[in-house]
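First up is the structure itself, then whatever we jot down about it.
Rule-based calculations on the coordinates, nothing more; no lab input. Note that this is a predicted model, so its numbers are computed, not measured. All Cβ positions, glycine included, derive from the backbone under ideal geometry; neighbour counts span all protein chains shown.
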Amino acid sequence: MLIYLSSLDTQEDKDEFIELYNTYRKRLWHIAARILKDEYAAEDIVHEAFLKVSKNFEYYRSKSQNENGCLIVTMVTWLSCNQIKREKSLKFSPLEEEILSDDYDSEPEGIVISNDQYQRLVACLSRLDEGYESVLNLKWALGYSNQDIAKLLEISEENVRLRVHRGRKLLIEQLRKEGVG
């Protein structure tokens, strides 16, 4: 509550904001939770909405309690819908998440894929240049670290990281052409 009140100047504004907050916070949380289907995300959305209200409280002061309720409900609805859009635009298949991951030491065993997807993955991997294929096989299939791969292939660790990164990109392109994902 202090975060909200810190942006308000007068005690009258603070009292009005507290009344507005106490009147609508539960209703707003229920609206956001119903849209997002996630209690914690709903709390974040309600918090974001009240931050916006406190920063622009001059606008809300001139409105009736009923008008403010409608405005804030609309704001929470839009913020919730925007959150869903952001989440949907960032979703990848488990295979793409692993390949796009910046964690170069991640273990591929954590990914569950169908046998058909695995066969397509192996086929696409075998079509890569030998430099990428060997590094990715050593990394994913055999679980070697970048340091171990560098020693084995007599190349620098930086070169290993670059081959893993570039190989992943090429593999993603091939997998998308195959329709895997």
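Please name all residue pairs, on different chains or six or more residues apart, with Cβ atoms under 7 Å, provided the first residue is in the stretch 117-138 and is without any contact (Cβ under 8 Å) to a residue 40 or more places away in the chain and the second residue is buried (at least 16 other Cβ atoms within 10 Å of the Cβ) and among the β-branched types (Val, Ile, Thr).
Short answer, once both residue conditions are applied: Val135/Ile149; Val135/Val160; Val135/Val164; Leu136/Val164; Leu138/Ile149.
For the stretch 152-173, which positions are part of a helix (DSSP H, G or I), among the hydrophobic types (A, V, I, L, M, F, W, C) and over 19 Å from Ser126 (Cα atoms)?
The one that is part of a helix (DSSP H, G or I), among the hydrophobic types (A, V, I, L, M, F, W, C) and over 19 Å from Ser126 (Cα atoms): Leu152.
If I ask for residues that are without any contact (Cβ under 8 Å) to a residue 60 or more places away in the chain and among the charged types (D, E, K, R), which ones from the stretch 139-168 would you list?
Scanning the stretch 139-168 gives Lys139, Asp148, Lys151, Glu154, Glu157, Glu158, Arg161, Arg163, Arg166.
Of everything in the stretch 18-58 that's small (Gly, Ala, Ser) and under 14 Å from Thr74 (Cβ atoms), which residue is surrounded by the fewest Cβ atoms within 10 Å (Cβ to Cβ)?
Among those that are small (Gly, Ala, Ser) and under 14 Å from Thr74 (Cβ atoms), it is Ala49.
Among residues belonging to the stretch 37-73 that are under 22 Å from the mean Cα position of the chain (by Cα) and among the β-branched types (Val, Ile, Thr), point out the one that is farthest from Ser7 (Cα to Cα).
Checking each candidate, the answer is Ile45.
Being among the hydroxyl-bearing types (Ser, Thr, Tyr) and either touching a residue at least 12 places away in the same chain (Cβ under 8 Å) or in a helix (DSSP H, G or I) (or both) is the filter here; which residues of the stretch 35-94 pass it?
Tyr40, Ser54, Tyr59, Tyr60, Thr74, Thr77, Ser80, Ser89, Ser93 - these are the residues of the stretch 35-94 that are among the hydroxyl-bearing types (Ser, Thr, Tyr) and either touching a residue at least 12 places away in the same chain (Cβ under 8 Å) or in a helix (DSSP H, G or I) (or both).
Give the residues of the stretch 134-181 that are polar (S, T, N, Q) and over 25 Å from the mean Cα position of the chain (by Cα), sorted by residue number.
Ser134, Asn137, Ser145, Asn146, Gln147, Ser156, Asn159
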